[in-house]
Amino acid sequence: MDAAAIISILDATLRLSTPLLLACLAGLYSERAGVFDIGLEGKMLAAAFGAGAVAAVTGSAWLGLLAGIGVSVATALLQGAAAISLKGNQLIAGVAINMLAAGLCTFLGQQWFHQGGRTPALGPNGRFSTIDLPFAHELSGIPILGPIYAELISGHYILVYVAFIMVPVTAYVLYRTRFGLRLRAVGENPKAVDTAGISVNKLRYQAVIITGLLCGLAGAYFSIAQGSGFGNNMTAGKGFIALAALIFAKWKPLPAMFTCLLFGFLDAAQIRLQGARVFDIEVPVQAIQALPYVLTVVLLAGFIGKAVGPKAGGVPYTKER
């Protein structure tokens, strides 16, 4: 495999890992606050539909992005109301969000656009274009470093850069700010936080809103950056893969990034390996496409017993009188 092919796979890795990373960081905030979030998939799907629908109607990618974020935050607040205020089962609340998003997006898409649940294809202004960093063209001729800068670092959608910038931002917020300290404390010992005069439910709602915001970015990436409109089930289980990455990374931002890159690499590799032959036998396309999902099962089966999440995760808090 030559250098150009390697750079091409790594370039695809960054693009394919972006929604995983955004969703993984989204789940990190809510789960650190003690709200177990299995509804990442549903929030991403709802955001993808909201972004694609508004971008198709207005012809503006930025309005589509705002709509995707708004829909995702509203969905997150609905899940938060069920899990925090009503003290319902957090797993069931997440599953309900996933089912609601899957059905409602298809129904509304069919009613509004009459294209089988899809939104119309977006024009050039309705989706984000790639960004060429300064001097990318001029430096592309330099051996090794030139192609890395011009093709691997430059030439991505703005949401790709936002996703990777959010890793150090999240690490700083969680470990270097008062808000982050309180957020982590709520996930570990909410009673102590409550005793200190800090509202447990308010902090959890703040975490849920941040989760909705990041899921909005992840969902919008599918429909108005990587894609050109919304398609049925276009998130394709990426929310569950992000949740697996979060568990494997033990709820830490930097390991979460590398885990998402691993999944992205497998996704990029399976695209390139389709039609490959092993011992002169052509490997079925379905077997290659299943690689990221097989890794998800392996990681969950091998590490879910070893990864210990926040102690108060999944447990509604009831203030003692």
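The values are calculated or read from the model by the stated rules, or taken from the named source; none is laboratory data. These numbers were taken from a predicted model, which means no experiment stands behind them. Quick reminder, even Gly has a Cβ in these numbers, built from the backbone with ideal geometry, and neighbours come from all protein chains shown. Note: accessible area is taken over every heavy atom of the protein model, side chains too, but ligands, DNA and RNA are not part of it. Shrake-Rupley method; radii C 1.70, N 1.55, O 1.52, S 1.80 Å.
Residues in the range 33-87 that are part of a loop (DSSP other than H, G, I, E, B) and on the phi < 0 side of the Ramachandran plot: ALA33, VAL35, PHE36, ASP37, ILE38, GLY39, SER60, LEU86.
Between GLY212, GLY197, the distinction of being among the small types (Gly, Ala, Ser) and within 30 Å of ASP267 (Cα to Cα) belongs to GLY212 only. Within the range 98-125, the set of residues being in a loop (DSSP other than H, G, I, E, B), open to solvent by 100 Å² or more (accessible area, probe 1.4 Å) and not basic (Lys, Arg) comprises just one member, HIS114. Quick one: would you say ILE38 is open to solvent by 10 Å² or more (accessible area, probe 1.4 Å), more than 23 Å from ALA249 (Cβ to Cβ) and not small (Gly, Ala, Ser)? Criteria not met by ILE38. Where residues in the range 26-35 are under 11 Å from the mean Cα position of the chain (by Cα) and among the hydrophobic types (A, V, I, L, M, F, W, C), which of them is surrounded by the most Cβ atoms within 10 Å (Cβ to Cβ)? So the residue we want is ALA26. Taking helices (runs of 4 or more DSSP H) as the structural unit, those lying wholly within the range 160-250 and holding at least 2 residues that are open to solvent by 50 Å² or more (accessible area, probe 1.4 Å) and either among the acidic types (Asp, Glu) or touching a residue at least 12 places away in the same chain (Cβ under 8 Å) (or both) correspond to 178-188, 200-221, 238-248. Which residues, taken from the range 88-97, are assigned to a helix (DSSP H, G or I), open to solvent by less than 40 Å² (accessible area, probe 1.4 Å) and small (Gly, Ala, Ser)? Those that are assigned to a helix (DSSP H, G or I), open to solvent by less than 40 Å² (accessible area, probe 1.4 Å) and small (Gly, Ala, Ser): ALA93, GLY94. For the range 182-202, the criterion of a residue being within 24 Å of the chain's Cα centre (by Cα) and more than 24 Å from VAL308 (Cα to Cα) is satisfied by at least one position.
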